[in-house]
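Here is the structure we will look at.
The values are calculated or read from the model by the stated rules, or taken from the named source; none is laboratory data. Just so you know, these numbers come straight off a predicted model, no measurement behind them. Neighbour counts are summed over all protein chains in view; Cβ atoms, including those assigned to glycine, are modelled from backbone coordinates with ideal geometry. Heads up: the accessible areas ignore ligands, DNA and RNA and are worked out on the full protein's heavy atoms, side chains in. Shrake-Rupley method; radii C 1.70, N 1.55, O 1.52, S 1.80 Å.
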Amino acid sequence: MKTPRISDSMNYLDHDLIQEAVRERKPVKTVPFLKWGSLAACLCVLLMTAMMILPNLLNGNLPNENNNPLYKPVHVENRAIVWPWEYKTIYEKYTFLFYDGKGYNGRGKEIRAELLGEALGEGEAKGQDIYTEKIYTERFTVYRINGVSEEYLIAVEMDGKFYVFDAHKQNAFATLGEMADTFSMEQNISLNRFSVQGKTLKTKYYALGDDSSVWEILKGCKNAPAVNGDSWRTQADYISFTVTSEALGVYKNVMYVTEDGYLFTNAFDFANVFEIGKEAAMQIINHVKEISEQTEPIPYQSTITGKITEVEENYFILDTTPVCVNEKDGKIYKIMAEDIRIDRVLSFEKVDVGDLVVVTYDGIVKDGNLIEGATNMQKGFFSNEESHVMIPE
């Protein structure tokens, strides 16, 4: 049997929420990677961690834990396994593509065909199974994404589905208008949720029904000059819009508007900061507060923790009782395992009945206990301190 190769990083999870920053790090075991492909996988994990921390760099603080009192706190160690070729999804197999003389990196985000323009041609992708050292090459059709230049983003058809790839440019936009036009931000981004944050404020969350007024104000800031995002910090209070866009391959990134007159976003891989001025900033902040309703936060991802009690061909049964403070709060879930990302954990990692696991899913639970959208699973165990669940190294 092949031994999985693993890179490790540490973060905290409670039963329902994935925290968006690394709080503590244990010493990491050195893994003798044989190929650059493995190193690239490690770097991807570090990049993902950096992107998760990025929204919290305004004040240099990490977010407060938001524990659910019904469940014991869950302490997990994220492990990015370098899967054998046959256990990878198509977009994990081919993460880099050459088209028209340029290289594009896959974002791992699917996009609907309705958001695409015409076919542009074909690109060549290469992948490697580091266990067998075999190189795979395949050609895929490339499509334009409506409203976005192929100099920055393209869609690639793989196995009948479409995935967003980006040119990974260091987006050195001179003005806010240049960035907005490049990605057709008003067309492709809906600013329907935001939070109010600051050093002296208790964070509150709001739902914004209509974002047209925000974009109208920002149109008047097209000439707002760029500021060096690497060194920029603010001590001012701010609002933080959630930025999710299927067309741009962006999931729950952020766009800040600060009371001292700046707009910050990490939606396009790199930190982009523009000085829009205090007047425009306060106009946006005051307006959205006035027309929005306070609401509850939505987790970055939904997770469920429990012990596996039964494994069948296409599903497994999960009992949450072991992680509940009171056993009466325990519940039985049926989790479908047809997705390769779940099946590979059961078959390749040999997770089985009796194992304690943390399952990531799309947030939808049908009929009270059926989860069809599970996308990831990690094996864990109870540690001796604070009844945390930990992923073994």
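Each row is one residue, and each column tells you yes or no for (1) in contact with a helix residue (DSSP H, G or I) (Cβ under 6 Å, 6 or more places away or on another chain); (2) at negative phi; (3) surrounded by 13 or more Cβ atoms within 10 Å (Cβ to Cβ); (4) not aliphatic (A, V, I, L, M).
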residue: 96; (1), (2), (3), (4): no, yes, yes, yes
residue: 99; (1), (2), (3), (4): no, yes, yes, yes
residue: 104; (1), (2), (3), (4): no, yes, yes, yes
residue: 107; (1), (2), (3), (4): no, yes, yes, yes
residue: 114; (1), (2), (3), (4): no, yes, no, yes
residue: 117; (1), (2), (3), (4): no, yes, yes, yes
residue: 128; (1), (2), (3), (4): yes, yes, yes, yes
residue: 132; (1), (2), (3), (4): no, yes, no, yes
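Out of the residues in the stretch 200-209 that are surrounded by 12 or more Cβ atoms within 10 Å (Cβ to Cβ) and not hydroxyl-bearing (Ser, Thr, Tyr), which is farthest from residue 295 (Cα to Cα)? Per the criteria, the residue is 208.
Evaluating residue 142 against the criteria (1) in contact with a helix residue (DSSP H, G or I) (Cβ under 9 Å, 6 or more places away or on another chain); (2) over 30 Å from residue 230 (Cα atoms); (3) among the hydrophobic types (A, V, I, L, M, F, W, C); (4) open to solvent by less than 20 Å² (accessible area, probe 1.4 Å) leaves one unmet condition, (1).
Test residue 186 against the criterion of being open to solvent by 20 Å² or more (accessible area, probe 1.4 Å) and in contact with a Phe, Trp or Tyr (Cβ under 6 Å, 6 or more places away or on another chain), and give yes or no. Yes: the conditions hold for residue 186. Beta carbons closer than 8 Å, at least 6 apart along the sequence or on distinct chains, pair a first residue in the stretch 252-264 that is within 13 Å of residue 277 (Cα to Cα) with a second that is open to solvent by 10 Å² or more (accessible area, probe 1.4 Å) and of a type in the set (Val, Ile, Thr) for 257/276; 261/276; 262/227; 262/276; 263/276; 264/254.
Condition first: part of a loop (DSSP other than H, G, I, E, B) and out of contact with any strand residue (DSSP E or B) (no Cβ under 9 Å at 6 or more places or on another chain). Now tell me which residues in the stretch 203-231 satisfy that.
We begin by selecting, within the stretch 203-231, every residue part of a loop (DSSP other than H, G, I, E, B); these are 203, 208-211, 220-224, 228-231.
Listed by number, the residues that qualify are 210, 220, 231.
Residue by residue, here is whether (1) of a type in the set (Ser, Thr, Tyr); (2) more than 23 Å from the chain's Cα centre (by Cα); (3) at pLDDT 95 or above holds:
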{"position": "176", "(1), (2), (3)": "no, yes, yes"}
{"position": "192", "(1), (2), (3)": "no, no, no"}
{"position": "198", "(1), (2), (3)": "no, yes, no"}
{"position": "203", "(1), (2), (3)": "yes, no, no"}
{"position": "206", "(1), (2), (3)": "yes, no, yes"}
{"position": "216", "(1), (2), (3)": "no, yes, yes"}
{"position": "220", "(1), (2), (3)": "no, yes, yes"}
{"position": "223", "(1), (2), (3)": "no, yes, yes"}
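Taking the criterion of being of a type outside the set (Phe, Trp, Tyr) and in a loop (DSSP other than H, G, I, E, B), the residues of the stretch 159-180 that qualify are 159, 160, 167, 168, 169, 170, 171, 172, 174. If we keep just the residues of the stretch 362-377 that are over 18 Å from residue 309 (Cβ atoms) and outside any loop (DSSP other than H, G, I, E, B), which is least open to solvent (accessible area, probe 1.4 Å)? The qualifying residue least open to solvent (accessible area, probe 1.4 Å) is 375. If a residue has to be in contact with a Leu (Cβ under 7 Å, 6 or more places away or on another chain), within 21 Å of residue 101 (Cβ to Cβ) and not aromatic (Phe, Trp, Tyr) to count, how many in the stretch 131-147 make the cut? Residues flagged as in contact with a Leu (Cβ under 7 Å, 6 or more places away or on another chain), within 21 Å of residue 101 (Cβ to Cβ) and not aromatic (Phe, Trp, Tyr) within the stretch 131-147 amount to 3. Within the stretch 336-352, not a single residue is among the charged types (D, E, K, R), out of contact with any helix residue (DSSP H, G or I) (no Cβ under 9 Å at 6 or more places or on another chain), farther than 22 Å from residue 86 by Cα and free of Cβ contacts under 8 Å to residues at least 60 places away in the same chain.
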